[in-house]
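For reference, the structure discussed in these notes is given below.
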Amino acid sequence: MKKRLRAGLRVSFRLGLLVGVLYGIAGFLTLRLAPAPSVRLDANGAATVRALDPAAAEVSAWIETLGPEVRGALSVHSGRSGDSEGTFDEIGEAAARAGLDFVVLGDHPGEWLDEPGAFDPVRSAGALLVPGQELVIADAGRVLAVGLAQDTLVRRWEGSVAQLAARIDAVGGFVSVVHARSPRGRERWQAGLDAPGIHAWESLDVSEMARLRLADRWVGYHLVSFLSGLVVGAAQGPVLRLNREGTSAPGLLAYDSARARQPLVLTAGLNHHPKARIAGRLIPPYTPFFRTFTNHVRLRGTLPADAWDARAQLLEGLRRGHVFVSIGDAAEAAGFAFEATTDAVGETASSASGGGLRLRLPPQASGGLLVRLLKDGEELGWWAGEPGQAFAVEPSGAGVYRVEVARAGIPLGRWRYGLRPWILSNAVVVGGAPP
């Protein structure tokens with residue numbers, strides 16, 4: 001009897017191990033295999049792309065006008081949020097390790113709101129920390145709000161979206177929709193695609209992707225992958241792989257629809273909450289998350305040493321929309337640019353009155369790249385490019401244009417192994433489209 005029991009247990013263990021291995025392989029392949037895109041623009045002449053000589057005078061002159069670029073994270077929670085751990089010093093040190101220049105905090109309201117200087121920007125380990133708050137707007141949703149005056153702070157905004165936006169805009173602050181397409185109904189944006197006066201829309205959100213995975217058939221794969229990554233110090237990879245939807249993420253699709261109605265800057269948020277402290281270590285730590293969704297902001301000049309001046313310049317860059325997002329490999333993404341060829345880009349969120357578009361791929365990138373062109377949220381086509389290459393894009397009429405850069409991966413017939421979205425540009429408006 002005992003022999004049969006032991007034999008049965010051995011068989012059950014082996015079967016369980018086999019099922020676990022097959023499950024892991026299936027989870028791995030579903031993430032790394034993607035349908036191969038048609039690497040050419042639409043044959044119907046949707047747009048024309050022409051490679052430029054990187055050494056040409058027009059390209060060199062354009063690159064010189066781009067201005068300095070800083071990298072950072074948005075919507076990060078510290079221990080001031082009731083459901084989080086972490087000090088400002090720990091955030092600054094983690095940002096420095098991840099190569100970030102700034103972190104914009106979005107803590108939940110609490111008693112800390114009443115503390116003098118609660119929203120003063122500080123520098124920690126060389127990184128600029130800009131305190132803000134995650135504010136609930138009644139009957140609308142949640143926003144990241146930076147700039148409310150100390151004497152007008154609220155824990156819940158009962159006025160309209162436009163009234164809050166006007167209050168923050170008047171003092172040079174910044175306000176962005178967060179949790180736009182959250183699986184939690186109480187958090188998701190309820191005001192449709194209308195956000196009058198709001199500066200930005202967090203199109204990618206790590207916390208929401210994690211919640212989506214909890215209801216996914218591959219939740220076990222993601223949990224094991226993340227815990228293993230923590231052990232070996234490489235958890236950013238499993239965090240990035242939470243984004244199974246790629247550029248079809250609900251928040252990004254909603255951004256394209258909302259952007260057709262009003263100027264909105266495309267950003268990415270972390271909404272990261274370290275939940276515990278074990279043996280002095282934060283679980284989960286900040287650093288791997290800081291290496292996932294990075295916001296690259298172009299400034300008018302070098303970020304000032306004074307924290308208040310640096311805050312003002314950073315917020316101005318965010319409001320103007322001189323921003324692009326990288327999904328991992330932030331250092332390699334430096335130098336990317338997508339703009340209108342006309343000087344009419346102006347001070348708004350990258351709008352143009354007419355003319356063409358120009359693109360520069362990041363010169364420090366490794367491997368082959370694929371570029372996807374979109375107009376009004378619809379795909380026009382793909383083309384291949386090399387690091388540092390520049391292109392002129394003649395648009396197919398008025399509209400809102402965006403590009404996405406992907407790591408090309410390895411062609412496998414109708415599939416590509418390792419194809420993954422990497423860089424998301426902000427929108428550029430051409431012709432008579434909405435501003």
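The values are calculated or read from the model by the stated rules, or taken from the named source; none is laboratory data. Because the structure is a prediction, the values reported are computed rather than measured. Here Cβ is always computed from backbone atoms with ideal geometry, including for glycine, and neighbour counts include all displayed protein chains. Ligands, DNA and RNA are stripped out before the accessible areas are found, and what is left, the full protein with its side chains, is counted by its heavy atoms. Shrake-Rupley method; radii C 1.70, N 1.55, O 1.52, S 1.80 Å.
Among the residues of the range 284-301, write down those that are part of a loop (DSSP other than H, G, I, E, B) and not charged (D, E, K, R). First the steps, then the outcome.
The first filter runs over the range 284-301 and keeps only residues part of a loop (DSSP other than H, G, I, E, B), leaving 284-286, 291-292, 299-301.
Across the range 284-301, the qualifying residues are PRO284, PRO285, TYR286, THR292, LEU299, GLY301.
Please tell me if PRO304 is more than 26 Å from LEU361 (Cβ to Cβ), out of contact with any strand residue (DSSP E or B) (no Cβ under 9 Å at 6 or more places or on another chain) and assigned to a helix (DSSP H, G or I).
On the way: more than 26 Å from LEU361 (Cβ to Cβ): yes; out of contact with any strand residue (DSSP E or B) (no Cβ under 9 Å at 6 or more places or on another chain): yes; assigned to a helix (DSSP H, G or I): no.
Taking the combined requirement at face value, the residue does not satisfy it.
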>> So ALA140 ticks every box in (1) modelled with pLDDT of 90 or more; (2) within 30 Å of ALA305 (Cβ to Cβ); (3) open to solvent by less than 10 Å² (accessible area, probe 1.4 Å) but one. Which box is left unticked?
In response: (2)
> Which of the residues spanning the range 167-220 are in a helix (DSSP H, G or I), free of Cβ contacts under 8 Å to residues at least 60 places away in the same chain and of a type in the set (Gly, Ala, Ser)?
Replying inline: ALA210
> Within the bounds of the range 137-153, is there any residue that is under 19 Å from the mean Cα position of the chain (by Cα) and not in a strand (DSSP E or B)?
Replying inline: no
> Among the candidates ALA96, ALA61, ALA73, ALA127, which residue alone is at pLDDT below 95 and among the hydrophobic types (A, V, I, L, M, F, W, C)?
Replying inline: ALA61
> Just one of ASP107, ASP101 is of a type in the set (D, E, K, R) and either out of contact with any Lys or Arg (no Cβ under 7 Å at 6 or more places or on another chain) or at pLDDT below 95 (or both); which is it?
Replying inline: ASP107
>> Quick check on the range 320-354: of everything there that is at pLDDT 95 or above and assigned to a helix (DSSP H, G or I), which residue is farthest from SER60 (Cα to Cα)?
In response: ALA330
> Name the strands (runs of 3 or more DSSP E) wholly within the range 393-435 that hold at least 2 residues that are hydrophobic (A, V, I, L, M, F, W, C)?
Replying inline: 399-407, 410-412, 420-424, 428-430
> Looking at (1) among the polar types (S, T, N, Q); (2) outside any loop (DSSP other than H, G, I, E, B); (3) open to solvent by 10 Å² or more (accessible area, probe 1.4 Å); (4) in contact with a helix residue (DSSP H, G or I) (Cβ under 8 Å, 6 or more places away or on another chain), which is the one condition that is false for THR247?
Replying inline: (4)
> Restricting to the range 117-139, what's the tally of residues that are touching a residue at least 60 places away in the same chain (Cβ under 8 Å) and out of contact with any Lys or Arg (no Cβ under 8 Å at 6 or more places or on another chain)?
Replying inline: 3
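Look at SER38 and say whether it is hydroxyl-bearing (Ser, Thr, Tyr) and out of contact with any Phe, Trp or Tyr (no Cβ under 7 Å at 6 or more places or on another chain). If you could, list the steps in order and put the result at the bottom.
Values: hydroxyl-bearing (Ser, Thr, Tyr): yes; out of contact with any Phe, Trp or Tyr (no Cβ under 7 Å at 6 or more places or on another chain): no.
Against the criterion (hydroxyl-bearing (Ser, Thr, Tyr) and out of contact with any Phe, Trp or Tyr (no Cβ under 7 Å at 6 or more places or on another chain)), SER38 does not qualify.
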>> Just checking, does the range 144-156 include any residue being closer than 25 Å to ASP107 by Cβ and in contact with a Pro (Cβ under 6 Å, 6 or more places away or on another chain)?
In response: yes
> Can LEU223 be described as part of a loop (DSSP other than H, G, I, E, B), open to solvent by 10 Å² or more (accessible area, probe 1.4 Å) and of a type in the set (A, V, I, L, M)?
Replying inline: no
>> Being polar (S, T, N, Q) and closer than 30 Å to LEU370 by Cα is the filter here; which residues of the range 9-41 pass it?
In response: THR30, SER38
> If you go through the range 155-165 one residue at a time, do you hit one that is assigned to a strand (DSSP E or B) and buried (at least 19 other Cβ atoms within 10 Å of the Cβ)?
Replying inline: no
> Could you list, in sequence order, the residues of the range 397-417 that are touching a Gly at 6+ places or on another chain (Cβ under 7 Å) and open to solvent by 30 Å² or more (accessible area, probe 1.4 Å)?
Replying inline: GLY397, ALA398, GLY409, ILE410, ARG416, TYR417
> Just to be sure, is ASN271 at pLDDT 90 or above, closer than 20 Å to LEU164 by Cβ and polar (S, T, N, Q)?
Replying inline: yes
> Which condition does GLY269 not pass, out of (1) small (Gly, Ala, Ser); (2) surrounded by fewer than 24 Cβ atoms within 10 Å (Cβ to Cβ); (3) touching a residue at least 40 places away in the same chain (Cβ under 8 Å), if it passes all the others?
Replying inline: (2)
